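The values are calculated or read from the model by the stated rules, or taken from the named source; none is laboratory data. Quantities reported herein were computed from a predicted structural model and do not represent experimental measurements. Here the Cβ is made from the backbone with ideal geometry for all residues, glycine too, and neighbour counts use every protein chain on show. Ligands, DNA and RNA are stripped out before the accessible areas are found, and what is left, the full protein with its side chains, is counted by its heavy atoms. Shrake-Rupley method; radii C 1.70, N 1.55, O 1.52, S 1.80 Å.
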Amino acid sequence: AAQSAQGYEGAAAKTKIQFACMPQVQTAMRGLRPKEVAIIMARPGVGKSLVAQTMLQDVAIKQKIPSIFFSVEMPAEQVFERGASMETLWSPSDVEDMYAKDDHDRISEALPGMRNVYIVDKGSLSLGDIQEVVEGIGDIGFIVIDYMSLIRAPGQKIYERMSYVARQLKPLAKETG
């Protein structure tokens, strides 16, 4: 959802999204341009969530593009702990311990780039819910939806629901920029 520089003045409009964290992906895709959609699909347990979060860290923290992570599967705390661990190289359990000890100042000082990351972990979302959140925050340049098949959609079979969601993501990207 990188914003188009034409007709939009927000911070997200300034740069197309690059994936320097994954050079082969960057070479193959040439980054994402405004209003584009990329879907990563694979069988369970191969690391799709980790890849998505690595991309999110690269875009939000290194490129300073406001980003949102819709986690339909993992709780926000787990997403944040993984992100904080990736950014600081602290173990996820160290990050968890800091929160348990109310050491928020140390975490905040170590993670200034996390201010560009919004994490939404509602258990059941529709594409309309996603659009409402994105528009409510405004100036979002990159959207990650982790676990697309858990998005509420019409259809009896998983194929029907996934097809619907995949087809509706492009208009959603265009509408939200």
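Okay, here's what the table says:
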{"read-out": "Test: residue in segment 24-36 that is within 17 Å of Met86 (Cβ to Cβ) and of a type outside the set (D, E, K, R)", "value": "yes"}
{"read-out": "Gln6 among the polar types (S, T, N, Q) and either at pLDDT 75 or above or over 23 Å from Ala173 (Cβ atoms) (or both)", "value": "no"}
{"read-out": "Qualifying residue in segment 64-73 (condition: crowded, with 17+ Cβ neighbours inside 10 Å, of a type in the set (Val, Ile, Thr), out of contact with any His (no Cβ under 9 Å at 6 or more places or on another chain) and more than 18 Å from Ile39 (Cβ to Cβ))", "value": "yes"}
{"read-out": "Residues within segment 149-177 that are open to solvent by 30 Å² or more (accessible area, probe 1.4 Å) and closer than 25 Å to Ala60 by Cα, tallied", "value": "8"}
{"read-out": "Segment 97-127 - residue that is closer than 18 Å to Ser71 by Cβ and of a type outside the set (A, V, I, L, M) and, of those, most open to solvent (accessible area, probe 1.4 Å)", "value": "Lys122"}
{"read-out": "Residue that is nearest to Cys21 (Cα to Cα) [pool: residues in segment 74-86 that are in contact (Cβ under 8 Å) with a residue 24 or more places away in the chain and surrounded by fewer than 21 Cβ atoms within 10 Å (Cβ to Cβ)]", "value": "Met86"}
{"read-out": "Residue that is farthest from Glu135 (Cα to Cα), among those in segment 30-89 that are part of a loop (DSSP other than H, G, I, E, B), among the β-branched types (Val, Ile, Thr) and out of contact with any Phe, Trp or Tyr (no Cβ under 9 Å at 6 or more places or on another chain)", "value": "Val46"}
{"read-out": "Residue match in segment 24-46 (condition: of a type in the set (Lys, Arg), within 19 Å of Met114 (Cβ to Cβ) and either crowded, with 17+ Cβ neighbours inside 10 Å or in contact with an Asp or Glu (Cβ under 9 Å, 6 or more places away or on another chain) (or both))", "value": "no"}
{"read-out": "Tabulated pairs, segment 31-56, first hydrophobic (A, V, I, L, M, F, W, C), second in a helix (DSSP H, G or I), C-beta under 6 angstrom, 6+ apart or interchain", "value": "Val37/Leu169; Val37/Lys170; Val37/Ala173; Ile40/Lys48; Ala42/Lys48"}
{"read-out": "Qualifying residue in segment 91-111 (condition: assigned to a helix (DSSP H, G or I) and closer than 27 Å to Arg33 by Cα)", "value": "no"}
{"read-out": "Residues (assigned to a helix (DSSP H, G or I), open to solvent by less than 50 Å² (accessible area, probe 1.4 Å) and in contact with a helix residue (DSSP H, G or I) (Cβ under 8 Å, 6 or more places away or on another chain)) located in segment 128-143", "value": "Ile130, Gln131, Val134"}
